[in-house]
Amino acid sequence: MKLSEIARKLECELDGDGSIEIHRVVGIEEANSGDLTFLSNPKYSTKLRKTKASAIIISKQAPPLEIGTLRTENPYLAFAKAIELFYNQPQPTTGIHPTAIISPSARIGSNPSIGAFVFIDDEVVIGDNATLFPHVVLYRGVKIGSGFLAHTHVSVREYCEIGNNVILQNGVVIGADGFGFAKREDLSYHKIMQSGRVVLEDEVEVQANSTIDRSAVGETRICRGSKIDNLVQVGHGSRVGENTLLCSQVGLAGSTQVGKNVRLTGEVGVAGHCKIGDNVIATAQSGIPSDVEPSKVVSGYPAIENRLWLKSSALFPKLPEFNKSLKDLQQKVNRLLT
């Protein structure tokens, strides 16, 4: 594809030879002649001198370059769209595989693609243009909107509700029982019936092997546009606001309330019944035991304001030295006093 055509489709400003033929989109270090790459983070700008790419997507504020340049206010978004121009994702065959088991009471919209050994229980409702890969299981009473995509071994439990254009990657479990047990007098446990449901609103994506639990009563809700990474646990009765990102191995204990536009990065853990305000960022491996105000950036355990955490963590290696100095000072003071 010619660079000029790519510029038109991505709505970028073109600097340089628009007749260059581009064959693929790759990272800046792997790029060779005929490749299109991108740079969105200024700290990697030194790599511009070494790249062998024929063209690059870059910000409008970047200095002139010797290679073909596509300029835009959001290089990363343009890069994401450029990948779509070159990668032809395999499309499943339209229709219903003969090994699929579908209840007579289920209602399925137009143009479905339902793979081998899919199971769809009674009273399930699915909208148009659904794609269910092999071994997907939908329990009784599940309701799903249009444009649903479920990869192999997805399970959606009874009476859960899923909106439009939702993607569930391999091994996702929606609506498994929340972790609820009442202690008996003999110290054994009585399982609490988990009668609630999970609701995923429109444009949600849940990635591989993540679980979103149902609650004893009420619902667990993931709001519109939120994205959940691999190996994430969302506890029963939690609510995740719009356009929030939960990165890999995040764990939300039961009844956690997460605001909109929040970013919980890898391995963040949140204690139950906490409230995290809008626009919060928690850096990797933070532990959040209490509420976090909106627009805060927090780190560490217990999570504190990020700048304070950075200053504190810089002191940790020096603590033995400080401790020795303090002991020496105490001994000197004691000698003076005696």
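Check whether at least one residue in segment 68-77 is among the small types (G, A, S), over 30 Å from L3 (Cα atoms) and crowded, with 17+ Cβ neighbours inside 10 Å, and report yes or no.
no
Of the residues G266, G254, G237, only one is part of a loop (DSSP other than H, G, I, E, B) and in contact (Cβ under 8 Å) with a residue 60 or more places away in the chain; which?
So the residue among G266, G254, G237 that is part of a loop (DSSP other than H, G, I, E, B) and in contact (Cβ under 8 Å) with a residue 60 or more places away in the chain is G254.
Condition check ((1) in contact (Cβ under 8 Å) with a residue 40 or more places away in the chain; (2) assigned to a strand (DSSP E or B); (3) closer than 20 Å to G175 by Cβ; (4) under 13 Å from the mean Cα position of the chain (by Cα)) across all residues:
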residue	(1), (2), (3), (4)
V217	no, no, yes, no
R221	no, yes, yes, no
L231	no, no, yes, yes
K260	no, no, no, no
G272	no, no, yes, no
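Please indicate, with yes or no, whether at least one residue in segment 305-319 is of a type in the set (D, E) and in a loop (DSSP other than H, G, I, E, B).
No, there is no match, as no residue in segment 305-319 is of a type in the set (D, E) and in a loop (DSSP other than H, G, I, E, B).
Given S325, S290, which one is free of Cβ contacts under 8 Å to residues at least 24 places away in the same chain, small (G, A, S) and not assigned by TED's automatic domain parsing to the domain that holds N230?
After applying the criteria, what remains is S325.
So which residues in segment 108-136 are polar (S, T, N, Q) and either more than 13 Å from G147 (Cα to Cα) or outside any loop (DSSP other than H, G, I, E, B) (or both)?
Hits for segment 108-136 are S113, T131.
Within segment 322-329, does at least one residue satisfy the condition of being out of contact with any helix residue (DSSP H, G or I) (no Cβ under 8 Å at 6 or more places or on another chain) and surrounded by 18 or more Cβ atoms within 10 Å (Cβ to Cβ)?
no
Do we find that G277 is surrounded by fewer than 19 Cβ atoms within 10 Å (Cβ to Cβ) and over 15 Å from the mean Cα position of the chain (by Cα) in this structure?
yes
Got a sec? Which strands (runs of 3 or more DSSP E) wholly within segment 158-200 have at least 1 residues that are modelled with pLDDT of 95 or more and touching a Ser or Thr at 6+ places or on another chain (Cβ under 6 Å)?
Those strands (runs of 3 or more DSSP E) span 173-177, 197-200.
Identify, from the list G287, G259, the residue that is more than 26 Å from S313 (Cα to Cα) and touching a Pro at 6+ places or on another chain (Cβ under 8 Å).
Going through G287, G259 in turn, the sole match is G259.
Restricting to segment 245-267, count the residues that are buried (at least 23 other Cβ atoms within 10 Å of the Cβ), aliphatic (A, V, I, L, M) and within 25 Å of F181 (Cα to Cα).
Count: 3.
Within the group D121, D128, which residue is modelled with pLDDT of 90 or more, in contact with a Lys or Arg (Cβ under 6 Å, 6 or more places away or on another chain), surrounded by 13 or more Cβ atoms within 10 Å (Cβ to Cβ) and acidic (D, E)?
None of the other options fit; the residue is D121.
Test I114 against the criterion of being in contact with a His (Cβ under 7 Å, 6 or more places away or on another chain) and surrounded by 16 or more Cβ atoms within 10 Å (Cβ to Cβ), and give yes or no.
For I114, the condition - in contact with a His (Cβ under 7 Å, 6 or more places away or on another chain) and surrounded by 16 or more Cβ atoms within 10 Å (Cβ to Cβ) - is met.
Go through segment 284-326 and give me each residue that's more than 28 Å from S215 (Cα to Cα) and of a type in the set (S, T, N, Q).
Passing the criteria: S295, S299, N306, S312, S313, N323, S325.
Please go through segment 144-157 and give me each residue that is part of a strand (DSSP E or B) and over 18 Å from S110 (Cβ atoms), ordered by number.
S155, V156
The values are calculated or read from the model by the stated rules, or taken from the named source; none is laboratory data. Since this is a predicted model, take the numbers as computed values, not measurements. Quick reminder, even Gly has a Cβ in these numbers, built from the backbone with ideal geometry, and neighbours come from all protein chains shown.
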